[in-house]
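The values are calculated or read from the model by the stated rules, or taken from the named source; none is laboratory data. These numbers were taken from a predicted model, which means no experiment stands behind them. Please note: Cβ atoms are built from the backbone with ideal geometry, for glycine as well, and neighbour counts cover all protein chains shown. When the accessible area is computed, the model is the full protein with side chains, heavy atoms only, and any ligands, DNA or RNA have been set aside. Shrake-Rupley method; radii C 1.70, N 1.55, O 1.52, S 1.80 Å.
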Amino acid sequence: MKNIMNLKKIIFCCVLFIGAIKYLSLDVKAANYDAKSFVEQFGSSVKFVPQENPNVPGNPLNDANHMLDRFSDDGDILYGTEGTAAVSQGIRYSTIGWKVNVWYNDATGAKREEIYFKLGGSYMQRVSEVSSNGVEYNLYSIKLSVLRSRMSPQAREAMNRGQANFTLDACVSLKQNGVLLSDMNDNGCTRDIGHFYTDHNGIANAAPWRSATKEKLKTYFNKNIDGLMIRINVEGDEGIASVSGSGNYLYGTNVNISKSIKNGFDFTGWKVVAAQNQAFLNTSINSENFKCKAITNITYRATTKRKQTRIVFHRNESINDTVIHTEVFTYGDNDVAINLDRWNDKNWIKDGFHQVGWAFKPDEQKAYGMDDKLNKDWLLSKSPKIDLYAVWEENTYVIRYDGNGAFKGHIDDVRAKYSEKITTSNNEFDKPIEDSTYLGWSQDKKILFPEYKEKQTVSVKELATKAGCLHENNAVIMLYATWNYWPTISAKDLYYSLEDAQNGIISEREIASKISAKDREDGNIQYGLNSKNFLKLINYSEEEFINLKDKADISEIICVKDQHGKLIEKEINIHITDIKPLYGKDAVGKIRFYDKKYKNTLFKYSVWKNKNYQNELE
C-alpha cells in the first residue's frame, strides 16, 4: 500500500523449552536473530523465548533431573516489525506501543488489567534494527520479569494459581504527512485520545482503508504470546480424592502440586505421563506434595496402590516360638474370617492345649474368638501390619472306665486337666467269665497285660499321649479292665495193657503226647518248663508202671501255669488191663467183657479159635 507509511508487521515470538537435544536448533534466542531474519522466519507471530540460566555449569541436558535448571524463570517476549522507509505524504497508521491484557477472576468477578508498553520506552527495548532494500526491520523485546513486576498483586496471585490469561493489543495512532496525531508512554495515551486506538474496530474506522488493509489490521489485536502460557495438568488414579495445581501458568511461575488421598489407599508417587518435552515422560517424583516451575507443558499423575494390611498370626506356643502364618488384607476385601482349616498347617498345635482365640500381645487376654471376623475398617486402620497371637487354654479330659466284657459293674468318669495326675480306681466290675482273674487297667482293650495297677498314680499327659488326643479338648480317654483268662487242659483217661506197662511203653513222653493245654494270652502251651509257662505231670513215676504185676488204675495229676502265674490242675486215670489169654481149665469160668476202648489190645493179643468170633466183635 503506497499510501501507507511505515507499515509495520508486529511479530511476537516465543518457543517453549523442549529439552531434547534434537530440538535445540529450533529454539528462538534473541541473540541468534537480527530483526530481518526474525521477521522472515516467524512472520506476525509473537514469541516468548526462555532465558538460559548462566549459573548452570556444563550441559545439564544429559541429566533429566536437571533439565529444567538450564532455564531461569525469565525470558524475552519478542516481536518484529517491518515497514517502507521515507514515506511521508498522506494518512498512514503507525504502531506506537502495545497493551498487555491480563484476564483473571477474583472475589468480585471477572477482571481485566491493562499494562502499556511504549515502543522504545522504559520497558520495551529494541534489540535489533536492519535496513534492507528500502525496508526497515526492527526487533523489540519485553522482559518477562518486567511484565510480572508491573502486574497488580491480585493479578499475580491469580497467575500463581494458574487462573490468569494474557492477550496483546497493538496501540495504533494515525500519522498524517509523517506526523503522529497521538502519542503514549508506558502508562497509556498521553495526547489526543481520539486518535489513539487499541482495538480493531477503532482503527478500522479511523480512515477509509481498503478492505485488505482492514483485514490485515485484525492481526494486530487480541494476539496470544506463543509459549508464554504453560499448561500444567494434575490428575490422579482411583486412590486420589482430589488434586490441585492444574492451570495455565505464566512461564516460570512456581506451581504448588498437591493431592489428597482416599481412605484405603497409599500414595506411591507422582509420575509424568505426558510432556511436551518427551525426556520427562515416565519420570517419577516421590515427594508427597511438591513445587515445580512452569517451563514446559506437562501432566503429573498422582499414583496410589490399594492399602494393604499384613495380618501376622503367631502360634505363640512358647515364648521362643517363631511359627507364624501371614495373610494379606487389601482395601476392598470383605471382613476376614479366620479359618485355621484353610491354612492346612499341621504344626499349628500346642500339646495339651486347644486354641480359644487371639490377642494383640503374647501374654494378653483373648481379644477375638475363633469364630469372630476381623472388621475390614479395623484392618484398614492397622495398615501396614497387625500381629495377632494365639491364645491357648489347657485341655480337660474325661477318664472313663470300661469292664471290657464284664456284664456288671460301674465306675464314675473322672475329669482332669492335662497338667494333672490321677489315681486309678479299684475294680468295680464282675468277672466276664468264672475262670478269669482281674489284672489291672489298660488303654487298649485287646492288650493282654495291664498298663496300670489299681491305685496307681499316672499323669493325664501320659494318658493323652497314648490315646493320641493331645490337642483335643474334652476327649474321652478309656481305661479297660484287663482280665487273665485261665489256661485249660485237654486230657482223658488212658488205657494200656499190662504188657505195655511192664515194657516201659507208658513213659512220661507217651502220656504228654496225649494231653495239651492252651491259654488266651499264651496260646498253646508246650509240655515242659517254658520261659513263661509250663505244662507237666507232677506225680509221674516210670517205675510204678514197670513194676506192675496185675491190672491197675493209676491216677496222674496234670498241672499247667500261664505267664500270669495261674496254676490249673487236672487228674486223669491210666487204666492197666491184663490181656494175656488163658488156656485149658484156667479159661473155664473166666468171662471177659468186651469194651471198645480195649479194641486194639484185644485184637492184638487174642487167639481166635474161629475167625467168625473176631468178625462178629468188629
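Here is how the numbers come out for the structure above:
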quantity: Scan of segment 169-201 for residues that are in contact (Cβ under 8 Å) with a residue 24 or more places away in the chain, farther than 20 Å from Val102 by Cα and not in a strand (DSSP E or B), ordered by number; calculated: Asn177, Gly178, Ser182
quantity: Number of positions in segment 490-511 that are open to solvent by 20 Å² or more (accessible area, probe 1.4 Å) and either touching a Leu at 6+ places or on another chain (Cβ under 8 Å) or in a strand (DSSP E or B) (or both); calculated: 6
quantity: Filtered residue count, segment 247-292, keeping only those that are open to solvent by 50 Å² or more (accessible area, probe 1.4 Å) and either closer than 22 Å to Asn160 by Cβ or among the basic types (Lys, Arg) (or both); calculated: 10
quantity: Residues located in segment 406-434, provided they are more than 25 Å from Val460 (Cα to Cα) and open to solvent by less than 80 Å² (accessible area, probe 1.4 Å); calculated: Ala406, Asp430, Pro432, Ile433
quantity: Segment 107-145: number of residues that are β-branched (Val, Ile, Thr) and open to solvent by less than 30 Å² (accessible area, probe 1.4 Å); calculated: 2
quantity: Residue check, Ala475 in contact with a Cys (Cβ under 6 Å, 6 or more places away or on another chain) and either surrounded by fewer than 19 Cβ atoms within 10 Å (Cβ to Cβ) or not hydroxyl-bearing (Ser, Thr, Tyr) (or both); calculated: yes
quantity: Segment 416-448 - residue that is in contact (Cβ under 8 Å) with a residue 60 or more places away in the chain and assigned to a loop (DSSP other than H, G, I, E, B) and, of those, farthest from the chain's Cα centre (by Cα); calculated: Leu448
quantity: Checking Asn334 against (1) at pLDDT 90 or above; (2) assigned to a loop (DSSP other than H, G, I, E, B); (3) surrounded by 15 or more Cβ atoms within 10 Å (Cβ to Cβ), the condition it does not meet; calculated: (3)
quantity: Which numbered condition Asp412 misses (of (1) touching a residue at least 12 places away in the same chain (Cβ under 8 Å); (2) under 30 Å from Leu439 (Cα atoms)); calculated: (1)
quantity: Qualifying residue in segment 450-460 (condition: in a loop (DSSP other than H, G, I, E, B) and under 30 Å from Lys346 (Cβ atoms)); calculated: yes
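For every residue, the table says whether it meets (1) within 60 Å of the chain's Cα centre (by Cα); (2) closer than 16 Å to Phe117 by Cα; (3) open to solvent by 70 Å² or more (accessible area, probe 1.4 Å); (4) not acidic (Asp, Glu).
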| site | (1), (2), (3), (4) |
| --- | --- |
| Thr190 | no, yes, yes, yes |
| Gly194 | no, no, no, yes |
| His200 | no, no, no, yes |
| Ala204 | no, no, no, yes |
| Glu215 | no, no, yes, no |
